Amino acid sequence: MSTPLRTRAARVVAAAAAASLLFPAAVAVGAEPQHGPGPEHHRGSHLAATLAGRATLSADYLAEGPPSGAAASPANGRQGPWGGQVIPGFSAMVDNHDGTFWAQPDNGFGAKGNSADFLLRNYLVRPQWDTGRKGSGEIKVLDFIEYNDRNDVLDFDIVNEDTEERLLTGADFDIESLVRAADGTFWVGEEFGPFLLHFDADGTLLEAPYEFPDGKSPASPYLEPGEKPNVGSSRGFEAMASSGRYLYPVVEGALADDADTRRRWIYQFDTRRGEYTGKRWAYQTDQVANVIGDAFATGRDSMLLIERDDFEGDQSVTKRVYEIDLSRTDRDGYVRKELVVDALRIENPRGIDAGEGYGLGETFALPVQSFETVLFVDRDTLLIGNDNNYPGNDSRVTGTPDDTEMALVDLKKKRVTDDGVTVVGHRGASGYRPEHTLAAYETAINQCVDYIEPDVVPTKDGVLVARHENEIGGTTDVAAHPEFADRRTTKTIDGARITGWFTEDFTLAELRTLRAKERLPQVRPQNTPFDGLYLVPTLDEVLDLARNSRTCDGAPVGVYPETKHPTYFDSIGLSLEEPLVRELRRNGFDRAGAPVVIQSFEVGNLKDLDRMTDVPLAQLVSNSGAPYDLVAAGDPRTYADLVTRRGLREIAGYADGVGAEKNVLIPREADGTLGAPSTVIRDAHRAGLEVHTWTFRRENQFLAADFRSSTDPNGIGDMVGEARVFLDAGLDGFFTDNPDLGVAALS
């Protein structure tokens, strides 16, 4: 955790006093105790996730039965048909509480057209957990039941229409979710309808499918000619929880008629009456493309939900388990959610399977595309697992199909701690992912930053988005879009003429058609494989990611937004301050003690913000030049004037800290080595200001000469060593493109 900046209220009380810790060191992870399986949340504590066991089933395992996969798409060196029934991972599980589980695959190979030879089954499995001390780490397949319509319940043709057993296949249903009723029967959620299916304990369909009340999917057998599907393809009931007589199926994606593409609906179905109750609840995903992977009830009104993206391996951004409470909604009407596990950051102190693939090391990650299983096996232990989309996914080892995985995750309460230094992910972890993407921010969080930093600029329709500059020719693929060729123009921004494409000339909808790319490809070629993958995020999405995340110390992740070119945007009628404060308020950040700091290179807009919000403010200071609003007003003061004793006292009247370029704090000698510290840190502290600096980067060209490794400007130098010199000088926090190295400098 960080040492945060003071609030405006503290400035009023003690403008000249030394900075103090006013953000609470102990922050609530959850508000109420749980009433079912799962850990309790308490104020001042957080849930720490540790890998307790892992078991796998070979991707190439074949169960008994006829050949499968004749029409499956070949991938990773595998091509069907295979001489038995493939098990393409598990989409849902039920705990038998005797060390075994019912584990259900989906429809096989992803579509009706390629899955007619895949039999729908529910497998009885026993994992032999590798705990790092014992266990083979194998998943044993003990038995299975085959779903069938031998009672001839269905009123549409199926693949095995004319057989006695009428075994169901992946061309008939796409089964995804599973719960077991008190009477031993199984309820299954599927995606072609989407339908709710009710099977007896032996797999026989008991009654006609229950149709979804709010639409059909393109694959529905009941879709009428000309009827528009309201459920996306393969976006039906991927998840379903149960509590008593009620089922809670969750629509995986947004409904077609919903203007809010981040909304996912949770429905209630009464198994006694055999009908939907008419109740539904709205859940908001962290970003537009995210889907719901599984659900598991933890109480009468509470449940776990998997939220995931469709990326795998090092491209993954969201593989999370949230807990929601249907009885609690936010101001926008969405159920409140609390992070339980980020499956991309699970401690692995025993080194279980370390070195065997991506995400297997000191930190365990489940970076699979289809993270689709979660359940509690006891009060403190989660089971998570995957659908491996055989043979397509290769998240662990490129070119090798993923195994089916089951992992045990221990959840233990730990106290929130404070290491006393603020580490800020500069535009995210921009040394490892393209800057200002949710991938960069998530990587920074997983590398243990306290704050993430979005630079904010507006779109034509006034939506704040995260970009380093409003000119986006170097940070997106806009130049490859011929439809936007006529948007290229030349503008004067803060006195400089710039040619390119500008966010203020695009609506958010238009900007969403672009994808981010690496800004410094010659410096960071390792980032270019991520080009074209990620959207330009809105500030709202960045704030959502932060408020739904926790630092490695257990505190809420903070946000450190920078207002870019406020004088320019005021001149064109797109003021930044009002929408920024509005977004902070909507997301619960506009309050004293919230983990947010607003920063700016200009002075006037910080003074405006000081009157508009109670959150901490930081005056940015460069090594040369002057704030542009002062230049535009004819004010002769420069940045150098701002960091005199008098200037710092003036800053303390409207801000809580300074964010100074490194050379302002420790100038360089003529040979490029670090010199003696200036008096700025001491003088700022005396004025009651905290001091942060920007920006630590690992490449030689950004380091002082005495910390470079070679004459190669893009070679990797000693960023940790350089950062420690600044920390020894009394620095309170710093921005870095390489958060892992920044955190290492604290030890």
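The values are calculated or read from the model by the stated rules, or taken from the named source; none is laboratory data. For clarity, every value in this text was computed on a predicted model and none was experimentally measured. FYI the Cβ positions are ideal-geometry reconstructions off the backbone, even for glycines, and counts take in every protein chain you see. When the accessible area is computed, the model is the full protein with side chains, heavy atoms only, and any ligands, DNA or RNA have been set aside. Shrake-Rupley method; radii C 1.70, N 1.55, O 1.52, S 1.80 Å.
Among the residues of region 227-241, those that are open to solvent by 10 Å² or more (accessible area, probe 1.4 Å) and in contact (Cβ under 8 Å) with a residue 40 or more places away in the chain comprise Ser234, Arg235.
Residues that are out of contact with any strand residue (DSSP E or B) (no Cβ under 8 Å at 6 or more places or on another chain), of a type outside the set (Asp, Glu) and either surrounded by 19 or more Cβ atoms within 10 Å (Cβ to Cβ) or farther than 29 Å from Gly253 by Cα (or both) within region 143-169 comprise just one, Thr163. Here Arg649 meets the list (1) closer than 18 Å to Asn605 by Cβ; (2) open to solvent by 10 Å² or more (accessible area, probe 1.4 Å); (3) not in a loop (DSSP other than H, G, I, E, B) almost entirely, failing just condition (1). Selection over region 443-473 of residues that are out of contact with any Leu (no Cβ under 9 Å at 6 or more places or on another chain), in a loop (DSSP other than H, G, I, E, B) and small (Gly, Ala, Ser) gives a count of 1.
Search region 474-490 for residues being in a loop (DSSP other than H, G, I, E, B) and open to solvent by 40 Å² or more (accessible area, probe 1.4 Å), and hand back the single one that is farthest from Leu539 (Cα to Cα). Going through the qualifying residues, I end up with Arg488.
Is it the case that region 133-156 has a residue that's in a loop (DSSP other than H, G, I, E, B), at pLDDT below 95 and charged (D, E, K, R)? Yes - at least one qualifying residue is present in region 133-156.
Could you check Arg308 against (1) over 21 Å from Gly53 (Cβ atoms); (2) open to solvent by 50 Å² or more (accessible area, probe 1.4 Å); (3) among the charged types (D, E, K, R) and say which number it fails? Status for Arg308: all satisfied but (2).
For (1) surrounded by fewer than 18 Cβ atoms within 10 Å (Cβ to Cβ); (2) in contact (Cβ under 8 Å) with a residue 60 or more places away in the chain, each residue gets a yes or a no:
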{"position": "Leu47", "(1), (2)": "no, yes"}
{"position": "Ala55", "(1), (2)": "no, yes"}
{"position": "Ala70", "(1), (2)": "yes, no"}
{"position": "Pro74", "(1), (2)": "yes, yes"}
{"position": "Gly77", "(1), (2)": "yes, yes"}
{"position": "Trp82", "(1), (2)": "no, no"}
{"position": "Ala92", "(1), (2)": "no, yes"}
{"position": "Gly99", "(1), (2)": "yes, no"}
{"position": "Asn107", "(1), (2)": "no, yes"}
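Against the test of being surrounded by fewer than 23 Cβ atoms within 10 Å (Cβ to Cβ) and in contact (Cβ under 8 Å) with a residue 40 or more places away in the chain, the options Gly361, Gly431, Gly355, Gly392 yield a single qualifying residue, Gly392. Only residues that are of a type outside the set (D, E, K, R), in contact (Cβ under 8 Å) with a residue 40 or more places away in the chain and under 25 Å from Gly108 (Cβ atoms) were counted in region 243-273, giving 4.
Filtering region 652-672 down to residues that are open to solvent by 10 Å² or more (accessible area, probe 1.4 Å) and closer than 13 Å to Leu617 by Cα, which residue is nearest to the chain's Cα centre (by Cα)? Here the residue is Tyr654.
The rows are residues; the columns are (1) open to solvent by 50 Å² or more (accessible area, probe 1.4 Å); (2) β-branched (Val, Ile, Thr); (3) touching a strand residue (DSSP E or B) at 6+ places or on another chain (Cβ under 8 Å).
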position: Glu191; (1), (2), (3): no, no, yes
position: Gly203; (1), (2), (3): no, no, yes
position: Glu207; (1), (2), (3): yes, no, yes
position: Tyr210; (1), (2), (3): no, no, yes
position: Pro225; (1), (2), (3): yes, no, no
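Would you pick out the residues in region 578-617 that are modelled with pLDDT under 95, charged (D, E, K, R) and not in a helix (DSSP H, G or I)? Asp590, Arg591, Asp614, listed by residue number. For region 109-134, a residue qualifies if it is over 21 Å from Glu372 (Cα atoms) and open to solvent by 50 Å² or more (accessible area, probe 1.4 Å), and the qualifying residues are Gly113, Arg133, Lys134.
Report yes if Ser549 is open to solvent by less than 40 Å² (accessible area, probe 1.4 Å) and over 22 Å from Ala684 (Cβ atoms), otherwise no. Spelling it out, Ser549 is indeed open to solvent by less than 40 Å² (accessible area, probe 1.4 Å) and over 22 Å from Ala684 (Cβ atoms). I need the full set of residues from region 552-576 which are open to solvent by 10 Å² or more (accessible area, probe 1.4 Å) and part of a helix (DSSP H, G or I), in order please. If the condition is that a residue be open to solvent by 10 Å² or more (accessible area, probe 1.4 Å) and part of a helix (DSSP H, G or I), then Thr567, Tyr568, Asp570, Ser571 are the ones that fit.
Looking at region 527-553, which of its residues are under 25 Å from Ile324 (Cβ atoms) and touching a Leu at 6+ places or on another chain (Cβ under 9 Å)? Those that are under 25 Å from Ile324 (Cβ atoms) and touching a Leu at 6+ places or on another chain (Cβ under 9 Å): Leu535, Pro537, Thr538, Leu539, Asp540, Glu541, Val542, Leu543, Leu545, Asn548, Ser549, Arg550.
The residues of region 529-543 that are of a type outside the set (A, V, I, L, M, F, W, C), under 19 Å from Asp310 (Cα atoms) and not in a loop (DSSP other than H, G, I, E, B), listed by number, are Pro529, Glu541.
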